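Colleague: Structure below; questions to follow.
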Amino acid sequence: MTLPRLRPDINDLPAYKAGQRAEPREDLVTYKISSNENPYPPLPGVLQAIMHAALDTHRYPDPFSRRLVEALAIRFDVPQEAIALGTGSVAICGQIIASAAGPGDEVLFAWRSFEAYPIWTQISGATSVQVPLLPDERHDLPAMLAAITERTRVVFVCNPNNPTGQVVTTAELEHFVARVPSDVLVVLDEAYREFIAGDDVPDGIGFYRRYPNVVVLRTFSKAYGLAALRVGFAIAHETVASALRKTATPFGVSTIAEEAAIASLAAEEELLERVDALVLERQRVWSALRDQGWPLQRTEANFVWLRLGDRTADFAAACEQAGIVVRPFAGEGVRITVAETEANDRVIEVAGRFRSPLG
Ligand SMILES: *Cc1c(COP(=O)(O)O)cnc(C)c1O
């Protein structure tokens with residue numbers, strides 16, 4: 001019997017490697033620090049909004065999520081027409097590529113960066129063009145500019161970059177965006193925007209205001225702690241945002257997600273205090289690792305990156321033994337989410353042992 005015929009390029013698609021879960025253990029509490037999640041549970045007010053919205057579960061959500069779009073337009077001082085929602089900003093990455101690129105077109109991004117970029121590109125039938133990161137893990141923007149061709153339709157700049165945490169500065173981005181052809185989309189993926197402490201890192205929305213080809217991606221999954229509810233948004237020129245709405249899954253953003261996002265915007269101050277606490281924890285972990293002698297680069301996200309090369313799998317195994325599940329990228333390095341204090345302490349402890357000759 002012949003099997004159903006699928007597109008060969010879809011058959012060859014690598015499966016998205018999500019962060020592993022932490023299996024419960026008898027001897028110690030285990031922590032999943034492999035998916036850059038927020039360790040804080042929902043605020044009581046957000047939980048209340050979720051439970052209230054659950055009463056409408058037998059109804060489809062508002063297909064336009066109008067209340068959330070209104071709230072976001074006010075929060076970021078942009079027209080409602082400039083906003084497009086998606087089931088997480090990972091879905092919007094796909095909507096962007098579907099809107100702008102197809103077979104014969106090129107989608108350009110740094111590598112290593114967010115895993116979803118090559119996957120969505122392959123699904124669309126377009127071609128990935130990957131520009132290696134610099135030795136210090138930063139985007140090589142001059143090389144990315146040089147890689148733009150007639151066929152380039154979309155350029156992703158992940159800032160801070162997942163999984164390395166490094167940033168593109170305001171001056172670098174200005175120089176870059178000013179030189180990208182104005183008919184090529186520049187996507188500023190700012191999933192970790194709220195964790196940035198340095199003042200030399202751009203707010204993509206300022207670029208959106210000046211460049212009609214700039215798309216800013218934000219998410220409620222990380223700083224706002226709504227990863228399970230799947231809601232993210234793009235801020236873009238109206239014609240682009242309109243295409244993103246057309247390519248979205250109909251009724252994708254649930255009523256529960258919409259209401260939780262609205263409640264989160266209303267509680268932003270409190271949520272950002274938690275983000276501040278995580279940023280302090282990041283600095284504590286980063287400094288402790290540096291004191292152990294690890295060659296670390298700057299990180300402005302809620303994770304640290306250890307370039308371990310061929311010791312990557314061993315390090316991940318040592319973490320697992322200690323009850324913490326990190327995210328290994330085989331042969332390259334390990335991404336470690338800054339999470340509960342106890343989990344962070346264990347990371348420091350395992351890393352210290354791993355570096356010492358007796359470890
Ligand atoms: C986590 C992440 C996203 C989006 O996550 P969603 O949960 O889909 O909103 C987007 N880009 C990068 C780089 C991320 O790390």
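Colleague: If the reach is capped at under 26 angstrom between alpha carbons, list the lysines near LYS246, excluding any in the same chain fewer than eight residues apart.
Modeller: Hits, sequence-local ones excluded: LYS222.
Colleague: How about LYS17: which lysines have a C-alpha closer than 16 Å to its C-alpha, ignoring those fewer than 8 places off in the same chain?
Modeller: Once the sequence-local lysines are set aside, what remains near LYS17 is LYS32.
Colleague: Please state the shape class of segment 152-286: rounded when a/c is under 1.5, otherwise prolate if a/b exceeds b/c and oblate if not, all from the C-alpha gyration tensor.
Modeller: Details: a/c = 2.17, a/b = 1.11, b/c = 1.95.
Since a/c reaches 1.5 but b/c is at least a/b, the shape of segment 152-286 is classed as oblate.
Colleague: Still on this structure: Check which residues have an amide H placed less than 5 Å from ASP140's amide H, if you skip close sequence neighbours.
Modeller: Answer set, sorted by chain and number: LEU134.
Colleague: Would you mind classifying segment 191-263 by shape? Square roots of the alpha carbon gyration tensor eigenvalues, ordered a ≥ b ≥ c; an a/c under 1.5 is rounded, otherwise it is prolate if a/b is larger than b/c and oblate if not.
Modeller: Because a/c hits 1.5 or more and a/b fails to exceed b/c, segment 191-263 counts as oblate.
Colleague: Shifting gears a bit: Scattering from the C-alpha atoms of segment 138-224 alone, worked out with Debye: what is log10 I(q)/I(0) at q = 0.13, 0.18, 0.23 1/Å?
Modeller: -0.39, -0.75, -1.21
Colleague: For segment 188-193, what does the Karplus curve 6.51 cos²θ - 1.76 cosθ + 1.60, with θ = phi - 60°, yield as ³J(HN,Hα) per residue in whole Hz, taken in order and with x for Gly and Pro?
Modeller: Karplus-based 3J(HN,Hα) across segment 188-193 equals 9, 7, 10, 4, 10, 3 Hz.
Colleague: Distances over 13 Å make up what percent of all Cα-Cα pairs in segment 2-77?
Modeller: Details: 2373 of 2850 pairs.
That fraction is 83 percent.
Colleague: Also, I was wondering about something else. Which cross-chain or sequence-distant (5 or more) residues have an amide H under 5 Å from the amide H of VAL338, H modelled 1.01 Å from N in plane?
Modeller: PHE303, VAL304
Colleague: Based on alpha-carbon positions alone, could you give the equivalent ellipsoid semi-axes of the chain from the gyration tensor, as √(5λ), descending, whole Å? Please list the in-between numbers first.
Modeller: Numbers: eigenvalues 193, 136, 92 Å².
Ellipsoid semi-axes (Å, largest first): 31, 26, 21.
Colleague: Can you tally the net charge around LEU85? Count Lys and Arg as +1, Asp and Glu as -1, for every other residue whose Cβ sits under 9 Å from the Cβ of LEU85.
Modeller: Numbers: positive: ARG245; negative: GLU258.
Result for the local shell: 0.
Colleague: What residues have an amide H closer than 5 Å to that of VAL131, excluding those fewer than 5 places away on the same chain, when H is modeled at 1.01 Å from N in the peptide plane?
Modeller: PHE109, ALA110, TRP111
Since every read-out is calculated from the coordinates, none of them should be taken as a lab result. What you see is a predicted model; the values in this text were computed from it and never measured. Cβ sites come from the backbone with ideal geometry, for glycine too, and all protein chains shown count toward neighbours.
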